Amino acid sequence: MLDFLPAPLKGTLAALLILCNTLVLFPVLLVFALLKLVLPITSVRKGCTVVLSNIAWVWIGFNNLLVDLLHKVDWDVRGVENLSREHWYFVTCNHQSWADIPAIQYVLNSRIPLLKFFLKKQLIWVPLLGVAWWALDFPFMHRHTKEQLAKRPELKGKDVAATQAACEKFRYTPVTIFNFMEGTRFTPEKHNRQNSPYKHLLKPRAGGTAFVLGAMGEMIHTMLDVTIVYPDGRAGFWDYLCGRIRRIIIDVRTREIPGEFLGMDYENNRETRVAFQRWVSEIWAEKDARIEALKAAPTPGPGR
């Protein structure tokens with residue numbers, strides 16, 4: 001609707017409106033977060049969790065509305081027809097730019113449970129945000145370093161056990177855990193430095209995903225394998241806000257996670273570790289070929 005405005009003006013307007021959206025909703029979120037923190041009553045905490053998730057959905061929904069209002073993006077979205085907010089998912093995606101997260105949120109918001117990330121335990125002490133992450137049930141990881149394990153071997157396996165206990169709340173509440181398997185954004189320099197066997201991808205880091213699946217036990221059976229492509233070339237978050245990204249392809253493949261990897265002991269079971277790395281490598285090879293095909297002959301879609 002306002003796509004005729006100069007790109008820098010659209011970007012500034014979008015940033016200001018997102019800031020206003022945050023300033024309005026964040027205090028409300030903190031109120032319910034504090035209620036959840038100080039009232040250890042199961043029914044109250046569950047009610048607060050529902051409200052908090054809805055606040056997050058509203059925040060994302062408003063940001064998505066800004067994209068529709070300010071920009072004219074040609075969205076080519078595939079494979080989202082049978083997704084459900086009543087299901088448990090593990091989501092991974094190739095990492096092209098800082099625009100990936102808002103683009104994925106645009107497509108998946110309200111279609112699946114709120115995207116959540118495993119966070120380091122220390123981040124719970126970040127002012128304001130730590131409380132918000134806790135209130136939104138972002139899972140916090142308990143990871144011991146190799147040096148700590150060398151000094152205290154009895155700690156081996158306790159990090160996964162502690163994280164499993166923290167994830168018990170998800171057994172009866174659908175959740176989506178998100179993780180970039182590459183661990184960092186793709187750049188030609190990183191690609192060359194890694195000597196990656198893939199044309200469009202960095203090497204996947206199987207260990208982080210294995211930790212998630214091990215900690216979540218048998219709660220998550222389904223992986224959403226998301227592939228994102230910018231046919232006009234990679235661009236950053238500011239370009240996304242300015243409307244310079246004119247076309248985005250998001251392809252979603254639903255995969256059942258093999259039972260042998262649910263609740264696996266990745267660190268101590270070599271056979272499982274090798275099998276999991278092979279499975280991830282196969283997924284990555286397919287994704288690399290898919291990106292090549294999408295770049296070569298992208299087909300416009302009707303949008304969301």
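Just so you know, all these numbers are worked out from the coordinates, no wet-lab data involved. Because the structure is predicted, anything quoted here is derived from the model rather than measured. With ideal geometry, Cβ positions are generated from the backbone for all residues, glycine too; neighbour counts draw on all protein chains shown.
Enumerate by residue number the trypsin sites (Lys or Arg not before Pro) in region 183-257 meeting two conditions: DSSP loop (anything except H, G, I, E, B), and at most 12 other Cβ atoms within 10 Å of the site's Cβ. When the trypsin sites (Lys or Arg not before Pro) of region 183-257 are filtered for loop state and at most 12 Cβ neighbours within 10 Å, K199 remain. Would region 52-122 count as rounded, prolate or oblate if I go by the C-alpha gyration tensor, calling it rounded below 1.5 in a/c and otherwise prolate when a/b exceeds b/c, oblate otherwise? In terms of gyration-tensor shape, rounded.
For the chain, hydrophobic long helices are taken as DSSP H runs at least 24 Å long by C-alpha position along their axis with mean Kyte-Doolittle hydropathy of 0.0 or more; these are 7-38, 42-70.
Is the C-alpha gyration tensor of region 28-89 telling us rounded, prolate or oblate? Criteria: a/c under 1.5 is rounded; beyond that, a/b larger than b/c is prolate, otherwise oblate. Walk me through the numbers on the way to the answer.
Working: a/c = 5.58, a/b = 1.79, b/c = 3.11.
It comes out oblate by the Cα gyration axes.
Note on region 1-45 and region 179-227: Cα centroid distance 29 Å, given to the nearest whole angstrom. Close amide H contacts of M141 (hydrogens built in the peptide plane, cut-off under 5 Å, sequence separation of 5 or more or a different chain): L119, K120, K121. For A99, the residues whose amide H sits under 5 Å from its own are F237, ignoring neighbours fewer than 5 places away on the same chain, with H placed 1.01 Å from N.
The amide H of T222, built 1.01 Å from its N in the peptide plane, has F90, I257 as neighbours under 5 Å, considering only residues 5 or more places off or on other chains.
When the Debye formula is applied to the Cα atoms of region 186-294, each taken as the same point scatterer, what base-10 log of I(q)/I(0) results at q = 0.12, 0.18, 0.24 Å⁻¹? Values, matching the q order: -0.53, -1.00, -1.30. Each residue of region 72-79 is assigned a 3J(HN,Hα), and the resulting list reads 10, 9, 8, 8, 10, 10, 9, x Hz, derived from the Karplus form 6.51 cos²θ - 1.76 cosθ + 1.60 (θ = phi - 60°), x at Gly and Pro. Rounded to the nearest 20, the size of the Cβ-charge dipole of the chain about its Cα centre is 620 debye, with Lys and Arg at +1 and Asp and Glu at -1.
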